[in-house]
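The values are calculated or read from the model by the stated rules, or taken from the named source; none is laboratory data. Bear in mind that the values here come from a model prediction, so they are computed numbers and not experimental data. As a convention, Cβ positions derive from the backbone with ideal geometry for all residues, glycine included, and neighbour counts pool all protein chains shown.
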């Protein structure tokens, strides 16, 4: 058994060096700085978790993200999926959090630092709230996604739910890369109908996927996870709908957001928070609404809400 693990680790190291080298090939247009940053961060993670598998997963995630919406995506996606599935099956589901950390590092770094993806996020930010007819269906789909995640956690358990969430996110990126220009299919037309004008398909949802995965990778408290999912799906969606429908005065610290949306989100999140976590739940609701209200380009609120709520949760936990 030890010999098998040894050879698997050797394969992981070779794979890491190979895909890192590929990321520097100019014709792919990858950011050299991002490749180095992710590579160094993965080496640190290796010493923390003592598994070589995170190395190729992290770099492949970076390559997948940077090649999103292009034909180059499929090769890196294939190998990334194989690594994620093989690791999960070989080391059992309980270790999926380690792989997800590398996955988040690669995708998150690309969405925050790669010029092409940053420009897509800028377009998405500029179009937010401009069309009520677009925002309401998008928010209803987001709420439905939150319900599915919560039910999944309840019925199949946290570990299996995390594994299936990881697989689903991989499939999601494959779908948006495949159907982005294929409006002759009903499914493609439905997805594009939900997207904002002048925005790449799935940019906002990609931030949502990365943020939720980051949450469930770090936190083990089921009630807190459910609260964050409610804040991102129900609370944020209600804020958008209320802000679009009710209008009203804008927040003095963010003229793109309204008081009606701000307090609507707080009401929904605070009620759920008090039910799930008592007085601390209200505190987390305050963090959620300010994270949503203060978030601006290049960080999407679908990412900032779970991240800042998790930071405050961890601070309270260790104080």
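Observations
- Exactly one residue out of 170, 191 is assigned to a helix (DSSP H, G or I), farther than 22 Å from residue 257 by Cα and at pLDDT 80 or above, and it is 170.
- Hey, residue 71 assigned to a loop (DSSP other than H, G, I, E, B) and either under 28 Å from residue 200 (Cα atoms) or modelled with pLDDT under 80 (or both) or not: yes
- Test: residue in segment 258-279 that is closer than 30 Å to residue 69 by Cβ, out of contact with any strand residue (DSSP E or B) (no Cβ under 6 Å at 6 or more places or on another chain) and outside any helix (DSSP H, G or I): no
- Some residue of segment 39-57 being modelled with pLDDT under 85 and closer than 23 Å to residue 202 by Cβ: no
- Which numbered condition residue 274 fails, given (1) modelled with pLDDT of 90 or more; (2) closer than 21 Å to residue 136 by Cα: (2)
- The condition (being at pLDDT 80 or above, in a helix (DSSP H, G or I) and buried (at least 16 other Cβ atoms within 10 Å of the Cβ)) is satisfied by just one residue among 88, 109, 119: 109.
- The single condition among (1) closer than 16 Å to residue 237 by Cβ; (2) at pLDDT 90 or above that residue 295 does not satisfy is (2).
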